[in-house]
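Reviewing the structure listed below.
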Amino acid sequence: MFRFQRKVYLDNNATTPVTKNVRKKINQVLKRYYGNPSSLYKIAINSAIELEESRKTVAKAINAEVDEIIFTACATESNNTVLKGLAEISYPGKKKILSTPIEHPSVISTLEYLKAKGILVEYIPVDRQGIIEFESLKELVDEDTFLICCMFANNELGTIQDIKKISALAKKYHVPVFSDCVQALGKIQVDVKDLGIDYASFSGHKIHSPKGIGALFVKEGSPFQSFMHGGHQETGLRAGTEALHNIAGFAEGCKAINLQKSPQVLSKKTLLINELKKIKSDIKINSPVDECLPNTVNITLPGVSNSLFMATLDFYGIAVSAGSACSTPENKPSPVLKAIGLTDEQARETIRISLSEFTSYRDIKYTIKVIRNFLSEAALPVNILTPKQLDENLIFGENNYILDVRWRYERKLLKGLPNSNEAPFVTFRKYYKQIPRDKNIILVCQAGYNAPVVAFYLRSKGYRKVSFLMSGLIGWKFVNAELYNKIAGQNITSLKPV
Ligand code: PLP
């Protein structure tokens, strides 16, 4: 949201910047190959050729046959397609899917949807680093199982599963295996033949390619059913005109995969971990050492709120992400962190750092410096208020100015504090000039994630007395239920941009 001088992007598992070559390729395709790949005249033939060349490139990157690749709009679509399609083909003859509790939400939500339709979904337990308990899988798989769904590498922890071993077991029961390989591609070897899997999903934007493009590997002869109805694109397996520029961009990203760079990425990650251990000896590394993506580390910092930590890093231009799903209005900790045994409190002290081949030693050293200053409490520029501290005296105090930076939908879920002034988080810089400089500014958001970011922003704009409410209005209501019922929603001012 707010720019700081230096930019260090350490959230490459969320998405990656598009490289110059990929951008060039996309522009070229948009300019030259505007014909619909399914049309039959000369202008379109080149589009069809480009499409098939891209398919070849993607297939080669994962050691699949060309005909085994279907382009989709994203990995979420690929995941939905396999799970729903197989359920439709198999049910009610067979009823069971086995999966893990640390899958991406695009898998977990689909499984929960299928559960509501009568499919039996069983989750294989994982250990404290997210590795599945193979013995439990052996006990759970049976004649009624129609799919084992297990991601290759986890997005929050970096944990890599032994997919080959899972496939070998599955074969004994003639159960197909589906693996979400989104985070693995570009970071570790993905060889679908060697892994012995039947289905796999991929996403362009995790490998420096554009967003909105996915691929689905379907092993030749495997049962398949799409839930998209329409034209005959993708040999009738996925309706909808292909987004050729994105597909070609994805293929360009696949071409650039160079796993020889992985040891360098790993050594930068190791430097970061070792330095962090020196700065704070009680940090807990949740990612495994060996069975882990070279770029990913998940860390719990006891006693440190991840929202404040992230906001501080953001203030210094460093992007990392919370281990918990900070965007949910319920402020629920990440199910992945819960599945590996973290408490709610630990989950709120957890962050994920994910590097890329473009992360430099300079970036890492800068990050270490910022973290060292933050953890040694070298004067935090903003003040933190707990829900208990924010009592009626503070709320109605004449010298205080309450600023509510929640999203519009969040305001519908919870009433605001009395006397508060509302301004939207994303476009905040259009509003801040009217905020009085002589008052104590108290920033409030829904769950305690956005308020610190705005607090730091105001500090950078010269505001001297800035506080934010820890855990947001959700936490405040929880602690002050009676007060909330008595005073929330009174005398609220909606600020206008200036
Ligand atoms: N699977 C995993 C493991 C992911 O990390 C992601 C993206 O965060 C997805 C699936 C969804 O990918 P897409 O954004 O292409 O839908």
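Taken together, the values in this text are just the output of simple stated rules run on the coordinates, not laboratory data. In this text, all values refer to a predicted model and were calculated from it rather than measured experimentally. Cβ atoms come from the backbone with ideal geometry, glycine included; neighbour counts cover every protein chain shown.
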Rounded to the nearest Å, the spacing of the alpha-carbon centers of region 340-414 and region 220-292 is 28
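Please compute the contact order of region 76-164 in relative form: average sequence separation of alpha-carbon pairs under 8 Å and at least six residues apart, divided by the residue count, as a percent.
Once normalised by length, the contact order is 34 percent.
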Show which lysines lie in cross-link reach of residue 172 when reach means a straight Cα distance below 22 angstrom and same-chain residues fewer than eight apart are skipped.
-> 94, 95, 96, 138, 164, 193, 219
In which sequence would 232, 245 go, from the one with the fewest C-beta neighbours within 10 Å to the one with the most?
-> 232, 245
Order these peptides, 465-476, 220-231, by their mean beta-carbon neighbour count within 10 angstrom, highest first.
-> 465-476, 220-231
Classify region 24-175 as rounded, prolate or oblate from the Cα gyration tensor: take a ≥ b ≥ c as the square roots of its eigenvalues, call it rounded if a/c is under 1.5, otherwise prolate when a/b beats b/c and oblate if not.
-> prolate
May I ask you to sort 362, 372, 348 by Cβ crowding, counting other Cβ atoms within 10 Å and putting the fewest first?
-> 362, 372, 348
Going from the fewest other Cβ atoms within 10 Å to the most, one would list 112, 422 as 112, 422
May I ask you to derive the FRET efficiency for residue 189 and residue 27 from their Cβ-Cβ distance with R0 = 25 Å, giving the value to the nearest 0.05?
-> 0.20
Bridge orientation stat for the chain from DSSP, antiparallel percent rounded to 5, came to 40
Fraction of alpha-carbon pairs over 11 Å apart in region 454-498 - percent = 75
Would you work out the charge dipole size for the chain about its Cα centre, treating the Cβ of every Lys and Arg as +1 and the Cβ of every Asp and Glu as -1, and quote it to the nearest 20 debye?
-> 2260
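Provide the FRET efficiency to the nearest 0.05 for the residue 398-residue 56 pair, computing r from the beta carbons and using R0 = 51 Å.
Efficiency computed from Cβ-Cβ geometry: 0.10.
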Set the Förster distance to 60 Å, then compute FRET efficiency between residue 389 and residue 220 from the Cβ-Cβ distance, nearest 0.05.
-> 0.40
Calculated from DSSP H runs of 4 or more alone, at -39500 (n - 2.57) each and per residue, what is the 222 nm mean residue ellipticity of the chain, nearest 500?
-> -11000 deg cm²/dmol
Note down the nm distance, to one decimal, between modelled labels 7 Å out along Cα→Cβ at residue 433 and at residue 464.
-> 2.3
Count the lysine pairs in region 395-482 that are 8 or more places apart or on different chains: how many have C-alpha atoms under 14 angstrom apart?
-> 4
Evaluate the distance, in nm, between pseudo-label points positioned 7 Å from the Cα of residue 409 and of residue 267 along their respective Cα→Cβ axes.
-> 4.5
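Applying a 10 Å radius around every beta-carbon, put 388-400, 164-176, 202-214, 56-68 in order of their mean neighbour count, most first. Intermediate results must be reported in sequence, preceding the final value.
Working: 388-400: 13.8, 164-176: 15.9, 202-214: 24.6, 56-68: 18.1.
Result, highest mean first: 202-214, 56-68, 164-176, 388-400.
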Rounded, prolate or oblate (a/c below 1.5 giving rounded, otherwise prolate when a/b exceeds b/c) for region 392-464 by Cα gyration tensor = oblate
If you place +1 on the Cβ of every Lys and Arg, -1 on the Cβ of every Asp and Glu, and leave all else neutral, what size is the dipole of region 260-375 about its Cα centre, to the nearest 20 Debye?
-> 380
For the chain the mean separation of alpha carbon contacts under 8 Å (6+ apart) over residue count, i.e. relative contact order in percent, is 16
Return the tail of the calculated pair distribution for the chain, meaning the percent of Cα-Cα pairs more than 39 Å apart.
-> 33
Taking a spot 7 Å from the Cα of residue 45 along the direction of its beta carbon, which residues of region 236-258 have an amide N less than 12 Å from it?
-> none
Listed highest first by mean packing, meaning other Cβ atoms within 10 Å per residue, what order do 145-152, 273-280 come in?
-> 145-152, 273-280
Report the charge-dipole magnitude of region 245-291 in Debye, nearest 20, computed about the Cα centre from +1 at each Lys and Arg Cβ and -1 at each Asp and Glu Cβ.
-> 200
